[in-house]
Structure formats: C-alpha cells, structure tokens
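The values are calculated or read from the model by the stated rules, or taken from the named source; none is laboratory data. What you see is a predicted model; the values in this text were computed from it and never measured. Cβ placement follows ideal geometry from the backbone for every residue including glycine, while neighbour counts extend to all protein chains displayed. When the accessible area is computed, the model is the full protein with side chains, heavy atoms only, and any ligands, DNA or RNA have been set aside. Shrake-Rupley method; radii C 1.70, N 1.55, O 1.52, S 1.80 Å.
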Amino acid sequence: MKRIDNILANSGICTRSEARKIIISGRVSVNGKKITSPSEKVDENAPVFLDGKPVNSEPLIYLMLNKPEGYVCANDEPDSVLNLVPKEYYRKGLFTVGRLDKDTEGLLLITNDGDFGHSVAAPSRNITKIYFAELEREVTDDDIKAFASGLTSKNGDSFAPALLEKGEGKSAYITVSEGKFHEVKRLFLITDNKVLYLKRLKTGGLSLDEKLKKGEMRMLTEEEKAAIFEG
Ligand code: URA
C-alpha cells in the first residue's frame, strides 16, 4: 500500500504539492472510488484515474477471455483469472469487467481502462448479456412467461424482466440486462429449477470467439469494442 499523493507524484505528471491540491479538489479516483485525502493509502497496482483518465503510462488494453471454470474474478487470489493473462498482455491495473462465478465459463472482458470497464458494467447502460444454461429440469412455457414478467425472490429481491428461450433438452438461453450477483442462478431457483452449468455467450453485441479455447484470451478489435455498446 502506498500514499495516493506519492503515487500521483511518482507518475511524473505533477509535483508532490500539486498532487495534494489535485487530490483535495476531488479529481482523483482509484477503483471507481473518489479519493480526497492525500494521505490515503491504496494498493500501488490499482488503476489511478485523474479526471477519468489513467495516470499510469501503461497502454490501455482490452481482452476477451474464454473463462474456464475454477477461476475467480478477484485480484490477488491464487485462482484469479488474472493469472491466466499471458506476459505479452500483462499491464498494471488489469481488472475484470463485472464478474462471473467460479463455476461459470465463457466471455469475460479484462482491461486496465477504468472508464471503459465502468461504462460496460454501469446499470444505466442496460447492456444485455446472453447465457447458455444446462438445468435440472426442462423449461416450461410458464417459466418463459414468469421470466418475461420479472421475478421476485422469497426474500423480496426483484429482478427485471429477462428473456428465456428453451434450448435442446434441459438447456436454455437467457438474456439479462441487470447484472445482479448470481442473477441467472437466482432466477432459476425462484422457478424451482437449478443451473447445473452456465456459460456467457454474449455481452451487448459482442459474441465470445468460439475459436478461443478455455483459458485463452486475445485483444479486442476496435469494431468489437464498439459492438459491446450496440447490442
Ligand atoms: N449469473 C450467475 O448466476 N452467475 C454468473 O456467473 C453470471 C450470471
């Protein structure tokens, strides 16, 4: 952990006393949280933003991972998906855009661009995500209607309407736009069903590149980056 004023000054964009003024004026954020105290200590590898732009000199990178099961979307864990990032793509401040559960597979975005990450994850953007699920029992017409009208759990959590489409046998495709914690699994539990396997296929207009083997990643093209916001 390092003082935020030191990190800012060491980045070479200002002196230590200028850094103090900049921080107090509320222009600096770390991991999406505004920092106004120059003495606050933050993780020295965390992305630091000044006026919404990264202050580290690392080039921005946008990666698509075909996440395998068994990896978590958290930093500093031995089973973190960030440990799958090959050397040539490694940058300071990489983070996952949103989260997939440890046992969920498929499309996961990794970047060091805080603005981009927060735009994709922002609930106000309503970016849709499409999942493939294998379930304990077949989907019924009543399930499809229930998902479409919006479900509420026993403890009162309500979910926005979701599109449920029947797949082969006990499988289904689900389109959601909220991004609530364990959203897909919880939706099925409300309808007395259970997710046995889950894979994210699409975020906005960007589909998982099925040529990527599990655990592999590649850079997004500019068109793919834009497509995320067009889905
Ligand atoms: N919904 C879930 O329940 N789990 C995921 O990993 C993603 C969406």
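Condition first: in contact with a Ser or Thr (Cβ under 6 Å, 6 or more places away or on another chain) and open to solvent by less than 20 Å² (accessible area, probe 1.4 Å). Can you find one or more residues in the stretch 132-143 that meet it? Looking for residues that are in contact with a Ser or Thr (Cβ under 6 Å, 6 or more places away or on another chain) and open to solvent by less than 20 Å² (accessible area, probe 1.4 Å), one finds at least one in the stretch 132-143, hence yes.
In the stretch 111-135, the residue that is nearest to the ligand (Cβ to nearest atom) out of those that are under 12 Å from Ile228 (Cα atoms), in a helix (DSSP H, G or I) and touching a residue at least 40 places away in the same chain (Cβ under 8 Å) is Ala121. Identify the residue in the stretch 56-76 that is away from the ligand (no atom under 16 Å from the Cβ) and open to solvent by 20 Å² or more (accessible area, probe 1.4 Å) and, among all such residues, is modelled with the highest pLDDT. Step by step, filter the stretch 56-76, then rank; the result is Tyr62. Here is the figure for the stretch 93-118: residues that are open to solvent by 30 Å² or more (accessible area, probe 1.4 Å) and closer than 25 Å to Val42 by Cβ total 5. Can you find a residue in the stretch 76-87 that is among the acidic types (Asp, Glu) and closer than 20 Å to Gly205 by Cα? Within the stretch 76-87, none of the residues are among the acidic types (Asp, Glu) and closer than 20 Å to Gly205 by Cα.
Taking the stretch 137-231 and the helices (runs of 4 or more DSSP H) fully enclosed by it, the elements with 1 or more residues that are more than 12 Å from the ligand (Cβ to nearest atom) and under 21 Å from the mean Cα position of the chain (by Cα) are at 222-228. Entry remark, the stretch 77-110: residues being within 16 Å of the ligand (Cβ to nearest atom) and in contact with a strand residue (DSSP E or B) (Cβ under 8 Å, 6 or more places away or on another chain) number 17 in total.
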